[in-house]
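Input: a single structure, listed below in structure tokens.
The values are calculated or read from the model by the stated rules, or taken from the named source; none is laboratory data. Since we're looking at a predicted model, the values are computed, not measured. Backbone-built Cβ (ideal geometry, glycine too); neighbour counts: all protein chains shown. Accessible surface is based on the protein model in full, side chains and every heavy atom, while ligands, DNA and RNA are left aside. Shrake-Rupley method; radii C 1.70, N 1.55, O 1.52, S 1.80 Å.
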Amino acid sequence: MKQDFVFISESVTEGHPDKLCDQISDAVLDQFLREDPQARAIVECAVSTGVVFVAARYQARTMVDIPHIARQVIREIGYDGKDFNARTSSILTSLNELPPEAPGADESTLSDAQIEAVSARNTATLFGYACTQTPAFLPLPIWLAHKLARRLSAVRLTLQLPYLRPDAKAQVAVVFRNRRPVRIHSLTLLVSHTARGVPPAAQLEQALREHVIEPVFRDEPVRPDADTRVYVNPEGPFEIGGPSVHAGLTGRKNAIDTYGEYARHSGAALSGKDPSRIDRTGAYAARYAAKNVVAAGLADECEVLLSYAIGQARPVSVQVETFGTGRVSDTEIGARLEAHFDFRPAAIVRAFNLRQLPALTKGGFYRRLAAYGHVGRMDIGLPWERTDKTMLLGSV
């Protein structure tokens, strides 16, 4: 990547159809694990006008009421229009019970030899990234996009802008000089709204500036200036929005879930997968490692790559890239990570308590990750966001 450039990231609200699907998938997963922590489940969802389709492959000692969970998520998000709502939308399911196998062991009780025997179930290459651009160690474009999307949801739910509907999107373009953010090039807000009661375009833009943009940037060091371009629904009114306008699918917003495309991420979806899937847990472990490297002061930017092969417990490759910001060599940082981080699948599940968190978290754990990012969250005490290994990684 060049030293000087403009970079754009986007986020969407919880009412975006793709994010609706992610939340239904993860809410179903939460319920499986809440009732049976050793359950295996892969849950995928698709939505369109008046229809929700959920496909689940699972092996568990319990059964989950998937239609009830789907309707609950739709209701809580706020869809109540005649074309799509929790009451009348058709919920279709395709359930496939996986072949039975010996009940999974509780990773917290396993010996080191037993952890070594738990291999990756699938081949995957995962990326974790961290940088010093924001307090959450996220790139500034995705950090700001998430803040704007959250604020759009907040002003709708608190009725400050009661004509807004659940589906909305925020895009932020940031100017970088020497790979550091220096100004906001442009902002774009796409907001769905009621057919009646919404103000004219100029008044809508002014309301969003006052209630959304200004509060979001009030405490930000990089703010819009006189030359920043602001676009609100640039293609015209966006009435109603949601599944009535565009279909949704689980796992279609990977960049929003991670680093806003500023850094690499796995091509695999994160939502709807139980903790035995290394393409989900490995992504969290890679973020954990990268964040601790940056928090330890070893680099201003860090990308950690983990590659797993089916049938092997340890990653076949651990690589580090600090983009010229490392204060020790990338090779040395990689060696320190391998010495102090256990990247084996069962060890990750144990370290992050991934099977028990749905029962310990009010409202479900994985569903809360399904909107506004799986990394960099400062509203949830995520185990992979801890910086508790900085001392072990050593100093420069």
Looking only at region 368-385, filter to residues that are out of contact with any Phe, Trp or Tyr (no Cβ under 9 Å at 6 or more places or on another chain) and more than 19 Å from Asp279 (Cβ to Cβ); which one of those is surrounded by the fewest Cβ atoms within 10 Å (Cβ to Cβ)?
Gly381
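Take Pro181 and decide whether it is part of a loop (DSSP other than H, G, I, E, B), within 30 Å of Gly324 (Cβ to Cβ) and either more than 21 Å from the chain's Cα centre (by Cα) or without any contact (Cβ under 8 Å) to a residue 60 or more places away in the chain (or both).
Values: part of a loop (DSSP other than H, G, I, E, B): no; within 30 Å of Gly324 (Cβ to Cβ): yes; either more than 21 Å from the chain's Cα centre (by Cα) or without any contact (Cβ under 8 Å) to a residue 60 or more places away in the chain (or both): yes.
Spelling it out, it is not the case that Pro181 is part of a loop (DSSP other than H, G, I, E, B), within 30 Å of Gly324 (Cβ to Cβ) and either more than 21 Å from the chain's Cα centre (by Cα) or without any contact (Cβ under 8 Å) to a residue 60 or more places away in the chain (or both).
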Residue hits (region 284-320; under 30 Å from Asp274 (Cβ atoms) and either of a type in the set (Phe, Trp, Tyr) or open to solvent by 50 Å² or more (accessible area, probe 1.4 Å) (or both)) are Tyr284, Tyr288, Tyr308, Ile310, Gly311, Gln312, Arg314, Val316, Gln319
Among the residues of region 20-37, is there at least one that is surrounded by fewer than 22 Cβ atoms within 10 Å (Cβ to Cβ) and among the β-branched types (Val, Ile, Thr)?
no
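For the structure I just gave you, tell me whether Leu157 is at negative phi and touching a helix residue (DSSP H, G or I) at 6+ places or on another chain (Cβ under 9 Å).
So Leu157 does not fit the description; no.
Does region 134-164 hold any residues that are farther than 19 Å from Asp219 by Cα, touching a residue at least 12 places away in the same chain (Cβ under 8 Å) and surrounded by fewer than 18 Cβ atoms within 10 Å (Cβ to Cβ), and which are they? Reasoning before the result, please.
Here is the first cut: in region 134-164, the ones farther than 19 Å from Asp219 by Cα are 153, 156-164.
Going one step further and asking which of them are touching a residue at least 12 places away in the same chain (Cβ under 8 Å), we end up with 153, 156-157, 160-164.
Result: Leu157, Gln160, Pro162, Tyr163.
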Keeping to region 74-96, report how many residues are part of a loop (DSSP other than H, G, I, E, B), under 26 Å from the mean Cα position of the chain (by Cα) and either more than 24 Å from Gly363 (Cβ to Cβ) or of a type in the set (A, V, I, L, M) (or both).
1
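Would you mind finding the one in Asp112, Asp167 that is of a type in the set (Asp, Glu), open to solvent by 30 Å² or more (accessible area, probe 1.4 Å) and either under 30 Å from Tyr288 (Cβ atoms) or in contact (Cβ under 8 Å) with a residue 24 or more places away in the chain (or both)? Steps first, please.
Working: Asp167 fails: open to solvent by 30 Å² or more (accessible area, probe 1.4 Å).
Of Asp112, Asp167, the one residue that is of a type in the set (Asp, Glu), open to solvent by 30 Å² or more (accessible area, probe 1.4 Å) and either under 30 Å from Tyr288 (Cβ atoms) or in contact (Cβ under 8 Å) with a residue 24 or more places away in the chain (or both) is Asp112.
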Which one of the conditions (1) within 20 Å of Arg367 (Cα to Cα); (2) open to solvent by less than 50 Å² (accessible area, probe 1.4 Å); (3) out of contact with any Phe, Trp or Tyr (no Cβ under 6 Å at 6 or more places or on another chain); (4) not hydroxyl-bearing (Ser, Thr, Tyr) does Arg277 fail to meet, given that it meets all the rest?
(2)
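Looking at region 74-90, is at least one residue farther than 18 Å from Arg165 by Cβ and touching a Phe, Trp or Tyr at 6+ places or on another chain (Cβ under 7 Å)?
Here is the first cut: in region 74-90, the ones farther than 18 Å from Arg165 by Cβ are 90.
If we keep only those that are touching a Phe, Trp or Tyr at 6+ places or on another chain (Cβ under 7 Å) as well, we get none.
Within region 74-90 (the criterion being farther than 18 Å from Arg165 by Cβ and touching a Phe, Trp or Tyr at 6+ places or on another chain (Cβ under 7 Å)), the answer is no, since none of the residues qualifies.
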Would you mind listing the strands (runs of 3 or more DSSP E) fully within region 1-73 where at least 3 residues are within 17 Å of Lys273 (Cα to Cα)?
40-48, 51-59
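Just one of Ala27, Ala39, Ala46, Ala60 is within 25 Å of Arg150 (Cβ to Cβ) and either without any contact (Cβ under 8 Å) to a residue 60 or more places away in the chain or among the small types (Gly, Ala, Ser) (or both); which is it? Lay out the reasoning, then the answer.
Values: Ala39 fails: within 25 Å of Arg150 (Cβ to Cβ); Ala46 fails: within 25 Å of Arg150 (Cβ to Cβ); Ala60 fails: within 25 Å of Arg150 (Cβ to Cβ).
Only one candidate qualifies: Ala27.
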Subset of region 210-249, residues in contact with a strand residue (DSSP E or B) (Cβ under 6 Å, 6 or more places away or on another chain) and open to solvent by 90 Å² or more (accessible area, probe 1.4 Å), comes to Arg229, Tyr231
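Say whether the condition of being within 27 Å of Arg344 (Cβ to Cβ) and of a type in the set (Asp, Glu) is met by at least one residue in region 113-123. Spell out the reasoning first.
So the first thing to find is which residues in region 113-123 are within 27 Å of Arg344 (Cβ to Cβ), and the list is 113-123.
Next, only the ones that are of a type in the set (Asp, Glu) stay: 116.
Yes, because at least one residue in region 113-123 is within 27 Å of Arg344 (Cβ to Cβ) and of a type in the set (Asp, Glu).
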Being in contact with a Leu (Cβ under 7 Å, 6 or more places away or on another chain) and part of a loop (DSSP other than H, G, I, E, B) is the filter here, so list the residues in region 260-297 that pass it.
Ser266, Gly272, Asp274, Pro275, Ala296
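For region 323-343, state whether one or more residues are touching a Gly at 6+ places or on another chain (Cβ under 6 Å), open to solvent by less than 20 Å² (accessible area, probe 1.4 Å) and part of a loop (DSSP other than H, G, I, E, B).
Residues of region 323-343 touching a Gly at 6+ places or on another chain (Cβ under 6 Å): none.
No, region 323-343 contains no residue that is touching a Gly at 6+ places or on another chain (Cβ under 6 Å), open to solvent by less than 20 Å² (accessible area, probe 1.4 Å) and part of a loop (DSSP other than H, G, I, E, B).
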